[in-house]
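Presented below is the structure to which this report refers.
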Amino acid sequence: LRVLAGKYLWDKDPEQIIVALGGKGYDVAIKDAQQPLICEIMKNELIGLGVAEEKIILEKKSNITIDQVKALGQIIGKNNFDKTIVISNRYHLPRIQAMIEGKGSLSNLLEQGKIKLQSAEESLIESDKDNWQEVIRMVYNSRWMNQRVISEFKGAADFRAGKYKIKKYEN
């Protein structure tokens with residue numbers, strides 16, 4: 001969903017840059033050298049959908065959300081982006097927002113409207129309501145998704161309260 005939403009937004013403005021964040025992920029051991037990087041998978045999918053390769057920046061080291069937020073801050077600063085749209089799943093945005101708010105310079109950019117959080121699901125519904133609205137409604141009405149939403153809101157609240165447990169993984 002995130003990749004498709006990124007493509008739809010890129011279609012509106014092909015001059016914009018897409019930043020694909022993510023290394024192997026938190027749950028892949030270093031011994032699995034064959035595991036492709038998350039950002040490379042996204043890049044390949046975006047190119048397959050028609051996004052110009054030169055419009056994609058890869059960030060290859062982050063494996064967990066907090067590291068991706070930090071990496072995004074560095075990329076924004078390095079490239080002097082004046083506007084950044086962070087696309088993630090609706091359920092994930094509250095935790096991302098809490099983490100951005102906890103990073104001084106990024107928090108300021110969020111307050112100034114230079115960083116916008118956007119739900120992949122809403123982007124897809126806006127772009128192709130007939131194909132996405134019912135599917136997304138059904139998924140968000142599932143028991144699994146309800147549990148995930150609760151977990152993400154708890155994670156955001158814990159992060160704001162300083163009780164968030166960041167797991168360290170060996171990659």
Exercise. Local charge sum around Glu122 (other residues, Cβ-Cβ under 13 Å, Lys/Arg +1, Asp/Glu -1)?
Worked result: +2
Exercise. Counting DSSP beta bridges with both partners in the chain, what percentage is antiparallel, nearest 5?
Worked result: 0 percent
Seminar exercise, completed: With the 1.4 Å probe rolled over protein heavy atoms, the chain has an accessible area per residue in Å² of 61 Å²
For this session: Would you mind telling me the share, in percent, of accessible area of the chain contributed by carbon and sulfur at probe 1.4 angstrom?
Result: 50 percent
For this session: Mind scanning Lys61/Lys163; Lys7/Lys129; Lys43/Lys83; Lys24/Lys60; Lys24/Lys78; Lys43/Lys78 and naming the pairs with a C-alpha gap bigger than 18 Å?
Result: Lys61/Lys163; Lys43/Lys83; Lys24/Lys78; Lys43/Lys78
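Give, as a single signed number, the net charge of other residues whose beta carbon lies under 13 Å from the beta carbon of Lys60, with Lys and Arg counted +1 and Asp and Glu -1.
Working: positive: Lys24, Lys43, Lys61; negative: Glu40, Glu59, Asp67.
With Lys, Arg at +1 and Asp, Glu at -1, the net is 0.
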For this session: Using a 10 Å cut-off on Cβ atoms, rank the peptides 122-131, 87-96 from the highest mean neighbour count down.
Result: 87-96, 122-131
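Quick check: net charge around Phe159, other residues with Cβ under 12 Å of its Cβ, Lys/Arg +1 and Asp/Glu -1? All intermediate terms of the calculation are to be shown ahead of the outcome.
Details: positive: Arg95, Lys103, Lys154, Arg160, Lys163, Lys165; negative: Glu101, Glu152, Asp158.
Net charge in that neighbourhood comes out at +3.
The values are calculated or read from the model by the stated rules, or taken from the named source; none is laboratory data. Small disclaimer: the values here were computed from a predicted structure and weren't measured. Note that we place each Cβ from the backbone using ideal geometry, even for glycine, and neighbour counts take in every protein chain shown. Protein only, heavy atoms only, side chains kept; ligands, DNA and RNA dropped before computing areas. Shrake-Rupley method; radii C 1.70, N 1.55, O 1.52, S 1.80 Å.
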